[in-house]
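Enquirer: Mind having a look at this structure? Questions to follow.
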Amino acid sequence: MKNKYINFIIVALSSLALVSCLKKDLPQMTNSGLNDISDFNLYYKYVDTIIDNKGTPQENTRIQVETVQLSRTKTISNDTVYVTPSFPAGFPRNEKPKVTLAKIWGYANIPEAAIIAPTGSSPALGKPGDFTKPAEYEVTAANGNKKKWVVVVTPLPVVNAWEGTYLESGTLNHASAGLQTCPVGFTQDLLTVSATKLKATAGFWYFNNSGITYFITVNADNTVTISSDLDAVVAIQQESTPASTYDPVNKRFTLYYYYYSGGNPANWRRFNTILTLK
């Protein structure tokens, strides 16, 4: 019988401090009047289940709390810090829809020996807080000088309910090369364009061309509208029949579309693409 050991590992942000401390050999800081916020970062935490040696007698399950710093751009104007967050490369796709500014960890960079505290109902730093509205903080310098700051965080990028990594199957019917079948195990990522629209790549498994892109729009009745990407190297069109659809139970797209290579109708490429959420 397999033994499973569940280890709880809490990953802490040990290098981040909410309150700067006066260090030895830095007596000059005791009279410092610096009370600025020079940077502001947001962190997201989630629980990840990791299975080591899966399928063996040494199988081991670990429950690990992961901490990820969001990417961001910032602008500081007078007493206001404007933060525009985004998802860093490699951010887990299945976690994106769960991230909310109503519950996220904020950290400010302030001078040595200064301290920072929220004012009014603004969220405490280093704890999950609500940054959906401007937050106010007071920074006190080492010499006691105080300055009030406002942190304004813009909304996160839209991540719709269908974004993710999909297993691809199906066929490509090629005017000159005949019927081609997608290899087993091929995957592609569908990327959010808007609340109901995704960006996909056609036949990468065959053409190895990342420029053959198109849009998938999921309608309220789970039919799908396929449209051309104006930035693509070809103009992809939807087949009139059969209908392209989305199966919400199995999280699967069944798509029918085509394009003409070089714009010549004689050089058609017709696709029956099936994408199943991995």
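The values are calculated or read from the model by the stated rules, or taken from the named source; none is laboratory data. A quick note: this is a predicted structure, and the numbers were derived from the prediction, not measured. Virtual Cβ from ideal backbone geometry, glycine too; neighbours counted across all protein chains shown. Keep in mind that these areas ignore ligands, DNA and RNA; they rest on the heavy atoms of the full protein, side chains included. Shrake-Rupley method; radii C 1.70, N 1.55, O 1.52, S 1.80 Å.
Enquirer: What is the list of residues in region 219-234 whose amide nitrogen lies under 19 Å from a point 7 angstrom out from the Cα of Ser240, following Cα to Cβ?
Expert: The answer is 224-228.
Enquirer: Tell me the relative contact order for the chain as a rounded percent, counting alpha carbon contacts under 8 Å between residues six or more apart.
Expert: 14 percent
Enquirer: Given Cβ point charges of +1 (Lys, Arg) and -1 (Asp, Glu) and nothing else, what value in debye, to the nearest 20, does the dipole of region 158-278 about its Cα centre take?
Expert: 140 debye
Enquirer: May I pose another question? Of Ala235, Leu34, Tyr258, which is farthest on the positive side of the dipole of the chain, counting Cα position, with +1 on Lys and Arg Cβ, -1 on Asp and Glu Cβ, and the Cα centre as origin?
Expert: Positive-end residue among those listed: Leu34.
Enquirer: Compare the Cα positions of Ile110, Val153, Ala175 along the charge dipole of region 24-176 (+1 at Cβ of Lys, Arg; -1 at Cβ of Asp, Glu; about the Cα centre) and return the one farthest towards the positive end.
Expert: Working it through, the farthest residue towards the positive pole turns out to be Val153.
Enquirer: To the nearest 10 Å², what's Arg93's accessible area with a 1.4 Å probe?
Expert: 60 Å²
Enquirer: Note down the magnitude of the dipole of region 95-174 about its Cα centre, charges +1 on Lys and Arg C-beta and -1 on Asp and Glu C-beta and zero elsewhere, to the nearest 20 debye.
Expert: Here the size comes out at about 300 debye.
Enquirer: Is any residue of region 146-178 close enough, with backbone N under 12 Å, to a label point placed 7 angstrom from the Cα of Thr75 along the Cα-Cβ axis, and if so, which?
Expert: Residues passing the 12 Å test: 154.
Enquirer: Please report, as a whole percent, how much of the solvent-accessible surface of the chain comes from carbon and sulfur atoms (probe radius 1.4 Å).
Expert: Of the solvent-accessible surface of the chain, carbon and sulfur hold 52 percent.
Enquirer: To the nearest 500 deg cm²/dmol, what mean residue ellipticity at 222 nm is calculated for the chain from DSSP H runs of n ≥ 4 alone, each contributing -39,500 (n - 2.57), summed and divided by the residues?
Expert: Rounded to the nearest 500, the figure is 0 deg cm²/dmol.
Enquirer: How many nm is it between the label spots at Lys146 and Leu277, if each spot is 7 Å from the Cα in line with the beta carbon?
Expert: Distance between the two pseudo-spin positions: 4.9 nm.
Enquirer: Same structure again: Looking at Gly164, Ala142, Leu191, which one has the Cα that reaches farthest to the positive end of the dipole of region 129-260 (charges on Cβ: Lys, Arg +1; Asp, Glu -1)?
Expert: Most positive-ward Cα: Ala142.
Enquirer: Please list the equivalent ellipsoid semi-axes of the chain, computed as the square roots of five times the alpha-carbon gyration tensor eigenvalues, in descending order and whole angstrom.
Expert: Semi-axes, largest first: 49, 25, 16 Å.
Enquirer: Follow-up. Where the only charges are on Cβ atoms (+1 Lys, Arg; -1 Asp, Glu), what is the dipole of region 24-121 about its Cα centre, to the nearest 20 debye?
Expert: So the dipole magnitude of region 24-121 works out to roughly 400 debye.
Enquirer: Sticking with this one: Given 4 °C and 1.567 mPa s, compute D for region 86-185 with the Stokes-Einstein relation, Rh being the Kirkwood radius over Cα pairs; round to the nearest whole µm²/s.
Expert: 73 µm²/s
Enquirer: Could you provide, to the nearest whole Å², the per residue accessible area of region 22-139 with probe 1.4 Å?
Expert: Result: 53 Å² per residue.
Enquirer: Another question, then. Sorted by average packing, counted as other Cβ atoms within 10 angstrom per residue and highest first, what order do 225-231, 41-47 take?
Expert: The densest-packed peptide leads the list: 41-47, 225-231.
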